[in-house]
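**Q** Input: one structure, supplied below.
Each reported figure results from applying straightforward, stated rules to the coordinates on display, with no laboratory input. Model, not experiment: these values are computed from the prediction. When we count neighbours, we look across all protein chains shown, and the Cβ atoms used for this are built from the backbone with ideal geometry, even at glycine.
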There are 2 protein chains.
Amino acid sequence: MTTSSYQVTGMTCGHCVNAVSSELQGLDGVQDVTVDLNAHGASTVTVTSAAPVQREQVVAALDEAGDYHLLDV
Amino acid sequence: MTTSSYQVTGMTCGHCVNAVSSELQGLDGVQDVTVDLNAHGASTVTVTSAAPVQREQVVAALDEAGDYHLLDV
């Protein structure tokens, strides 16, 4: 099992949390997604998956969910 | 036809705009709802209806849509 955390910008409310979580849940092998919402900055999104998730897949899922972007850290 | 504007707090993004708009659209006689989103303060919500909408109905619709509140102006 792999757990990765991402810094995601553009999330402002619970609706955004739901949109992002459900797109990430849809990725292959993802078991769990948690979001620590920081409405005024970057939110921490933690993804637990059977195998490591590719960064491009996360970027694509965020784009599908809305105007959310991955911070380079 | 009656057009009323309200100052609503708690809206931060397009999802909130959709939630509030669709609840207000559901009120009897409402023809149109427009929202001018101010993510960091009170957003202006304009409701056009066949007959005047009661303030309590607006308050109830906002509550139904989420944690949105009418400012007393």
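**Q** Residues in segment A:20-29: is at least one more than 26 Å from residue B:19 (Cβ to Cβ) and either out of contact with any helix residue (DSSP H, G or I) (no Cβ under 7 Å at 6 or more places or on another chain) or in contact (Cβ under 8 Å) with a residue 40 or more places away in the chain (or both)?
**A** For segment A:20-29, residues more than 26 Å from residue B:19 (Cβ to Cβ) and either out of contact with any helix residue (DSSP H, G or I) (no Cβ under 7 Å at 6 or more places or on another chain) or in contact (Cβ under 8 Å) with a residue 40 or more places away in the chain (or both): present.
**Q** Still on this structure: Taking residue B:43 as the residue in question, decide whether it is of a type outside the set (Asp, Glu) and in contact with a Pro (Cβ under 8 Å, 6 or more places away or on another chain).
**A** Numbers: of a type outside the set (Asp, Glu): yes; in contact with a Pro (Cβ under 8 Å, 6 or more places away or on another chain): no.
Taking the combined requirement at face value, the residue does not satisfy it.
**Q** Does residue A:51 satisfy being in a loop (DSSP other than H, G, I, E, B), under 18 Å from residue A:3 (Cβ atoms) and touching a Gly at 6+ places or on another chain (Cβ under 8 Å)? Spell out the reasoning first.
**A** Details: in a loop (DSSP other than H, G, I, E, B): yes; under 18 Å from residue A:3 (Cβ atoms): yes; touching a Gly at 6+ places or on another chain (Cβ under 8 Å): yes.
Criteria met by residue A:51.
**Q** Here is a follow-up. Consider residue A:44 against the criteria (1) in contact (Cβ under 8 Å) with a residue 40 or more places away in the chain; (2) touching an Asp or Glu at 6+ places or on another chain (Cβ under 8 Å); (3) away from chain B (no Cβ under 14 Å): it satisfies all of them except one. Which criterion is unmet?
**A** (1)
**Q** Another question about this same structure. If residue B:33 meets every condition in (1) part of a strand (DSSP E or B); (2) touching a helix residue (DSSP H, G or I) at 6+ places or on another chain (Cβ under 6 Å); (3) more than 30 Å from residue A:68 (Cα to Cα) apart from one, which number is that one?
**A** Condition (3) is where residue B:33 drops out.
**Q** Name the pairs whose Cβ atoms lie under 9 Å apart, with the first residue in segment B:2-13 and within 13 Å of another protein chain (Cβ to nearest Cβ), the second part of a strand (DSSP E or B), and 6 or more positions between them or separate chains?
**A** Sorted first by the residue in segment B:2-13, then by its partner, the pairs are B:9/B:43; B:9/B:69; B:9/B:70; B:10/B:43; B:10/B:69; B:11/B:35; B:11/B:43; B:11/B:45.
**Q** Right, here's the next one. Answer yes or no as to whether residue A:57 is surrounded by 13 or more Cβ atoms within 10 Å (Cβ to Cβ), outside any strand (DSSP E or B) and either away from every other protein chain (no Cβ under 14 Å) or of a type in the set (Val, Ile, Thr) (or both).
**A** Working: surrounded by 13 or more Cβ atoms within 10 Å (Cβ to Cβ): yes; outside any strand (DSSP E or B): yes; either away from every other protein chain (no Cβ under 14 Å) or of a type in the set (Val, Ile, Thr) (or both): yes.
Yes, satisfied.
**Q** Another question, if that's okay. Suppose we filter B:50, B:60 for residues that are touching a strand residue (DSSP E or B) at 6+ places or on another chain (Cβ under 7 Å) and either more than 21 Å from residue A:16 (Cβ to Cβ) or not charged (D, E, K, R) (or both); which single one remains?
**A** So the residue among B:50, B:60 that is touching a strand residue (DSSP E or B) at 6+ places or on another chain (Cβ under 7 Å) and either more than 21 Å from residue A:16 (Cβ to Cβ) or not charged (D, E, K, R) (or both) is B:50.
**Q** Looking at segment A:14-29 only, could you name the residues that are away from every other protein chain (no Cβ under 14 Å) and either surrounded by 19 or more Cβ atoms within 10 Å (Cβ to Cβ) or part of a loop (DSSP other than H, G, I, E, B) (or both)? Break it down stepwise before answering.
**A** Filtering segment A:14-29 for residues away from every other protein chain (no Cβ under 14 Å) gives A:24-29.
Once the filter is applied, which keeps residues that are away from every other protein chain (no Cβ under 14 Å) and either surrounded by 19 or more Cβ atoms within 10 Å (Cβ to Cβ) or part of a loop (DSSP other than H, G, I, E, B) (or both), segment A:14-29 yields A:24, A:26, A:27, A:28, A:29.
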